[in-house]
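Visitor: Shown below is the structure under consideration.
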Amino acid sequence: MKINRKKLGRLISRRGKEKGELIPLLQDIQAEYNYLPQEALLIVSEQLDVPFSQIYHIATFFKAFHLKPQGRHLIKVCLGTACHVRGAVMITDKLKRDWGLESGETSTDERFTLETVNCLGACALGPVLVIDREYFGQMTSAKVNSVLKQYS
């Protein structure tokens, strides 16, 4: 991805060049590009006079930051005990088979990113699939395709 230096410059100047603004700046960059492109991190390093290694450390420390492009929609599948015993693995198998999605990966059309999680706090609804912030309880592999087709 090509970084628009002017746009990135505006993000940097809006936050200022204080080192305490680094995390909010990284959040702004991720909101703009849907991940943290390496080129953008190198520019931030140069502009803020912060070693790239320090910026990379922060970007990899916080789970909220992504160094690879993310899909427009985030799918989370719960693999906690309650969901697992009710067939959550069949849902992840279906996502892999029909949509080419592996946990931690993004579809080639950048439509979806899949994450598997240990708990979504909705055990009574298990197995649970969440797309963006919408919960789909009592999910089955037979329902997966119709749910995902809603998200073009």
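Visitor: Hey, could you check the range 68-97 for residues that are in contact with a strand residue (DSSP E or B) (Cβ under 7 Å, 6 or more places away or on another chain) and β-branched (Val, Ile, Thr) and say which is most open to solvent (accessible area, probe 1.4 Å)?
Guide: Once the filter is applied, the top-ranked residue is THR92.
Visitor: Keeping to the range 58-101, report how many residues are more than 15 Å from the chain's Cα centre (by Cα) and either hydrophobic (A, V, I, L, M, F, W, C) or part of a loop (DSSP other than H, G, I, E, B) (or both).
Guide: The number of residues fulfilling the criteria is 16.
Visitor: So which of GLY126, GLY104 ends up being open to solvent by less than 50 Å² (accessible area, probe 1.4 Å), more than 17 Å from the chain's Cα centre (by Cα) and modelled with pLDDT under 95?
Guide: After ruling out the rest, the residue left standing is GLY126.
Visitor: Okay, moving on. Could you look through the range 49-63, keep only residues that are farther than 22 Å from GLY16 by Cα and not charged (D, E, K, R), and pick out the one that is surrounded by the fewest Cβ atoms within 10 Å (Cβ to Cβ)?
Guide: Looking at residues that are farther than 22 Å from GLY16 by Cα and not charged (D, E, K, R), I get PHE61.
Visitor: While we're looking at this one, here's another question. Among the residues that make up the range 4-23, is at least one of them in contact with a Phe, Trp or Tyr (Cβ under 6 Å, 6 or more places away or on another chain) and either in contact (Cβ under 8 Å) with a residue 24 or more places away in the chain or surrounded by 13 or more Cβ atoms within 10 Å (Cβ to Cβ) (or both)?
Guide: Checked against the condition, which is being in contact with a Phe, Trp or Tyr (Cβ under 6 Å, 6 or more places away or on another chain) and either in contact (Cβ under 8 Å) with a residue 24 or more places away in the chain or surrounded by 13 or more Cβ atoms within 10 Å (Cβ to Cβ) (or both), the range 4-23 yields no hits at all.
Visitor: While we're looking at this one, here's another question. Consider the range 28-45. How many of its residues are open to solvent by 60 Å² or more (accessible area, probe 1.4 Å) and in contact with a Phe, Trp or Tyr (Cβ under 8 Å, 6 or more places away or on another chain)?
Guide: Qualifying residue count, the range 28-45: 1.
The values are calculated or read from the model by the stated rules, or taken from the named source; none is laboratory data. These numbers were taken from a predicted model, which means no experiment stands behind them. With ideal geometry, Cβ positions are generated from the backbone for all residues, glycine too; neighbour counts draw on all protein chains shown. For accessibility, only protein heavy atoms count, side chains too; no ligands or nucleic acids. Shrake-Rupley method; radii C 1.70, N 1.55, O 1.52, S 1.80 Å.
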